[in-house]
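Worksheet for the structure shown next.
The values are calculated or read from the model by the stated rules, or taken from the named source; none is laboratory data. Just so it is clear, the model here is predicted, and its values are computed rather than measured. Reconstructed Cβ throughout: ideal geometry from the backbone, glycine too, with neighbour counts over all protein chains shown.
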């Protein structure tokens, strides 16, 4: 498989399966979705990620046809969706509440849409059996939703949404009602089902870890706009703004002024840290420009002895230690008053904390560990 097959968005000749152009939706004076343009490719599991009020659910409802656009267009598999009602779109939607019929069995819930379309009984039974096997619920076909766990109800809702063979499946916070452990388990089931069916999924979520686990690509939304579209790794390691860096995971943001601007390096004078930071690659900037260095907590090293390296070394005092099982989070207070967060893997069972509270430590990182962002 070539990169263009696995990542069609990198192929300039690839045709998007879902094309959104200049899409806007206003509620009074509020722009819930503001001039969004986005291409999604066949077979993707694409996540729209954003906080409450970012516009992600409104955008999903517009794709489904439940909300009309004030401007812009939606094309699915080359067909313009303007004026096409929800029931005629090659789309199905799985709601956060699952919306299962409580009086129907699992099999009847899955078969509901097929019966409405008056398919032959034998074809319906074959399709339902296939979907039950896919979601690993063949032994639960005659149960009612009230007799199922939350994860099982989620899989019934997914099977029902897939029953009519939609080209595009929209999922609104599909795992939001599940507890953390079940949600993590179900994420992989969802990925396997998507891969098996080949249906294009668009998932709305506010959960960063969920988006990072599920998605081929993530569209980060803020105030009705998509501010970055990239793979999970790219969004995390190469955020394009302070907002994205701060929204995705944990991050240390150091503000400074460019004091050196070379082809292979730059230096940022940070008054808040009382020192300058060295970046070992060129950055598009000018002398005197205010910039930010985004540094993930796991990129820092902590030690009780001063490292030999000549730059990117800070000294401070450990104020807080939080044991989190596989890792520990430390908060270190610098002499300037700034606080730096560090994450360390707990590799040794007998010595989870190499340092203790109120201990003086040194923090260091490589000159390529951070990302420089405009202010």
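Taking the criterion of being under 30 Å from residue 161 (Cα atoms) and surrounded by 20 or more Cβ atoms within 10 Å (Cβ to Cβ), would at least one residue in the stretch 260-276 satisfy it?
Going residue by residue through the stretch 260-276, those that are under 30 Å from residue 161 (Cα atoms) are none.
Checked the stretch 260-276: no residue is under 30 Å from residue 161 (Cα atoms) and surrounded by 20 or more Cβ atoms within 10 Å (Cβ to Cβ).
When the stretch 112-151 is examined, which residues are found to be crowded, with 19+ Cβ neighbours inside 10 Å and under 26 Å from the mean Cα position of the chain (by Cα)?
135, the sole residue that qualifies.
Residues of the stretch 335-366 being under 30 Å from residue 290 (Cβ atoms), surrounded by 16 or more Cβ atoms within 10 Å (Cβ to Cβ) and modelled with pLDDT under 95, which ones? Spell out how you get there, then give the answer.
First, pick out the residues of the stretch 335-366 that are under 30 Å from residue 290 (Cβ atoms): 335-343, 361-366.
Cutting the leftovers down to surrounded by 16 or more Cβ atoms within 10 Å (Cβ to Cβ) gives us 338, 340-343, 361-365.
The one that is under 30 Å from residue 290 (Cβ atoms), surrounded by 16 or more Cβ atoms within 10 Å (Cβ to Cβ) and modelled with pLDDT under 95: 338.
Can you find a residue that is out of contact with any helix residue (DSSP H, G or I) (no Cβ under 7 Å at 6 or more places or on another chain) and outside any helix (DSSP H, G or I) anywhere in the stretch 144-153? Outline the logic, then answer.
To start, the set of residues in the stretch 144-153 that are out of contact with any helix residue (DSSP H, G or I) (no Cβ under 7 Å at 6 or more places or on another chain) comprises 144, 146-147, 149.
Still in the running and outside any helix (DSSP H, G or I): 144, 149.
Yes, because at least one residue in the stretch 144-153 is out of contact with any helix residue (DSSP H, G or I) (no Cβ under 7 Å at 6 or more places or on another chain) and outside any helix (DSSP H, G or I).
Within the group 178, 170, 158, which residue is surrounded by 23 or more Cβ atoms within 10 Å (Cβ to Cβ) and outside any helix (DSSP H, G or I)? Don't jump to the end; show me each part of the working.
On the way: 178 fails: surrounded by 23 or more Cβ atoms within 10 Å (Cβ to Cβ); 158 fails: outside any helix (DSSP H, G or I).
Answer to the selection: 170.
Considering only residues that are more than 25 Å from residue 41 (Cα to Cα) and either free of Cβ contacts under 8 Å to residues at least 60 places away in the same chain or in the same structural domain as residue 342 (by TED's automatic domain parsing) (or both), which ones fall in the stretch 225-244?
243
So, in the stretch 40-56, exactly how many residues are out of contact with any helix residue (DSSP H, G or I) (no Cβ under 7 Å at 6 or more places or on another chain), on the phi < 0 side of the Ramachandran plot and at pLDDT 95 or above?
First pass over the stretch 40-56, keeping only residues out of contact with any helix residue (DSSP H, G or I) (no Cβ under 7 Å at 6 or more places or on another chain): 40, 42-44, 46, 51-56.
From what is left, the residues that are on the phi < 0 side of the Ramachandran plot are 40, 42, 44, 46, 51-52, 54, 56.
So of that shortlist, the ones also at pLDDT 95 or above come out as 40, 42, 44, 46, 54, 56.
Summing the residues that are out of contact with any helix residue (DSSP H, G or I) (no Cβ under 7 Å at 6 or more places or on another chain), on the phi < 0 side of the Ramachandran plot and at pLDDT 95 or above in the stretch 40-56 gives 6.
Go over the candidates 22, 53, 72, 43 one by one and state the one that is in contact with a strand residue (DSSP E or B) (Cβ under 7 Å, 6 or more places away or on another chain) and either assigned by TED's automatic domain parsing to the domain that holds residue 211 or assigned to a loop (DSSP other than H, G, I, E, B) (or both). Can you show your working first?
Details: 22 fails: either assigned by TED's automatic domain parsing to the domain that holds residue 211 or assigned to a loop (DSSP other than H, G, I, E, B) (or both); 53 fails: in contact with a strand residue (DSSP E or B) (Cβ under 7 Å, 6 or more places away or on another chain); 72 fails: either assigned by TED's automatic domain parsing to the domain that holds residue 211 or assigned to a loop (DSSP other than H, G, I, E, B) (or both).
Answer to the check: 43.
So which residues in the stretch 129-143 are part of a helix (DSSP H, G or I) and either touching a strand residue (DSSP E or B) at 6+ places or on another chain (Cβ under 8 Å) or under 21 Å from residue 186 (Cβ atoms) (or both)?
Step one: list which residues in the stretch 129-143 are part of a helix (DSSP H, G or I), which gives 129-134, 138-140.
Hits for the stretch 129-143 are 130, 131, 132, 133, 134, 138, 139, 140.
Scanning the stretch 74-88 for residues that are under 17 Å from residue 24 (Cβ atoms) and within 28 Å of the chain's Cα centre (by Cα), which turns out surrounded by the fewest Cβ atoms within 10 Å (Cβ to Cβ)?
80
If I go through the stretch 105-122 residue by residue, how many of them are in a loop (DSSP other than H, G, I, E, B) and at pLDDT 95 or above?
Kept after step one, since they are in a loop (DSSP other than H, G, I, E, B), are these residues of the stretch 105-122: 105, 117-120.
Still in the list and also at pLDDT 95 or above: 105.
Summing the residues that are in a loop (DSSP other than H, G, I, E, B) and at pLDDT 95 or above in the stretch 105-122 gives 1.
Kindly evaluate residue 304 against the criterion of being closer than 20 Å to residue 239 by Cβ and either surrounded by 12 or more Cβ atoms within 10 Å (Cβ to Cβ) or touching a strand residue (DSSP E or B) at 6+ places or on another chain (Cβ under 9 Å) (or both).
Numbers: closer than 20 Å to residue 239 by Cβ: no; either surrounded by 12 or more Cβ atoms within 10 Å (Cβ to Cβ) or touching a strand residue (DSSP E or B) at 6+ places or on another chain (Cβ under 9 Å) (or both): yes.
Criteria not met by residue 304.
Might you let me know whether the stretch 96-107 holds any residue that is buried (at least 21 other Cβ atoms within 10 Å of the Cβ), touching a strand residue (DSSP E or B) at 6+ places or on another chain (Cβ under 6 Å) and closer than 30 Å to residue 37 by Cα?
Looking through the stretch 96-107, none of the residues is buried (at least 21 other Cβ atoms within 10 Å of the Cβ), touching a strand residue (DSSP E or B) at 6+ places or on another chain (Cβ under 6 Å) and closer than 30 Å to residue 37 by Cα.
Against the condition in contact (Cβ under 8 Å) with a residue 60 or more places away in the chain, over 17 Å from the mean Cα position of the chain (by Cα) and buried (at least 18 other Cβ atoms within 10 Å of the Cβ), how does residue 45 come out, does it pass?
no
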